[in-house]
Amino acid sequence: MQRLQAFKFELMPTGGQQRDMRRYAGACRYVFNTALALQKARYEHGEKKLGYAGLCKR
């Protein structure tokens, strides 16, 4: 019989680390939303969607 085991961790960042994590999350949201807007615009114009490499070149 196989036994499953789980671990629980809690992050306790310092003030500077919290700021850096929020900044990183904000940058990720910006990149995602910009790529989504680009894909939506291409879809509305009847163009093919860009793949990963095409989005990276933007």
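Values quoted throughout were computed directly from the atomic coordinates according to the rules given, and no laboratory measurement underlies them. This one's a predicted model, so the numbers in the text were calculated from it and none came from an experiment. Quick reminder, even Gly has a Cβ in these numbers, built from the backbone with ideal geometry, and neighbours come from all protein chains shown.
Computed FRET efficiency, Cβ-Cβ of MET12 and THR34, R0 22 Å: what is it to the nearest 0.05? Working shown, then result.
On the way: r = 32 Å, r/R0 = 1.47.
So the FRET efficiency works out to roughly 0.10.
Cα axis of helix 15-44 to longest principal axis of the chain: angle in degrees, 0 to 90, nearest 10?
With rounding to tens, the tilt is 30 degrees.
In deg cm²/dmol and to the nearest 500, what is the mean residue ellipticity at 222 nm of the chain if only DSSP H runs of at least 4 residues count, each as -39500 (n - 2.57), divided by the residue total? Could you put the intermediate results ahead of the total?
Working: 2 runs with 35 residues, N = 58.
After summing the helix terms and dividing by the residues of the chain, the value is -20500 deg cm²/dmol.
How are the alpha carbon pair distances in the chain distributed across 10 Å bins from zero to the largest one, expressed in percent?
In order of increasing distance, the bins hold 17, 27, 19, 22, 14, 1 percent.
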